[in-house]
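Trainee: Okay, handing you the structure first.
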Amino acid sequence: VRFGKRGKLNPRYVGPFKVLERVGDVSYKLNLPEELSKVHNTLDVSNLKKCHADEPLAVPLDGLHFDDKLHFVED
């Protein structure tokens, strides 16, 4: 799951997450942890983008905070 460019210029990625079920032709319901309870758990694969990095870009869920608009907030 990707969160927008807030603060630094790099987007934040968290995951991967288990797929619970296929909802449509290109939509899947994900099993998100409690920390992401405010995030909608259905993903449309047309929103996915290829990652061209040598190192993983995922941010650990420990210490993640989101504002009311679900923007990632650093401590």
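The values are calculated or read from the model by the stated rules, or taken from the named source; none is laboratory data. Here the structure is a predicted model, which is why all the values come from computation and not from measurement. Neighbour counts are summed over all protein chains in view; Cβ atoms, including those assigned to glycine, are modelled from backbone coordinates with ideal geometry.
Trainee: Would you be able to tell me the number of residues in region 27-41 that are in a strand (DSSP E or B) and over 11 Å from the mean Cα position of the chain (by Cα)?
Mentor: Filtering region 27-41 for residues in a strand (DSSP E or B) gives 27-31.
Next, from what is left, pick out any that are over 11 Å from the mean Cα position of the chain (by Cα): 27-29, 31.
Of the residues in region 27-41, 4 are in a strand (DSSP E or B) and over 11 Å from the mean Cα position of the chain (by Cα).
Trainee: Specify the residue that is surrounded by the fewest Cβ atoms within 10 Å (Cβ to Cβ); the eligible residues are those in region 40-75 that are β-branched (Val, Ile, Thr) and at pLDDT below 80. Spell out the reasoning first.
Mentor: Restricting attention to region 40-75, the residues satisfying the condition of being β-branched (Val, Ile, Thr) are 42, 45, 59, 73.
Filter again for at pLDDT below 80, leaving 59, 73.
Details: Val59: 17, Val73: 12.
Only one residue fits best here, namely Val73.
Trainee: Here is a further query. Out of curiosity, is Arg6 modelled with pLDDT of 70 or more and more than 12 Å from the chain's Cα centre (by Cα)? Steps first, answer last, please.
Mentor: Values: modelled with pLDDT of 70 or more: no; more than 12 Å from the chain's Cα centre (by Cα): yes.
No.
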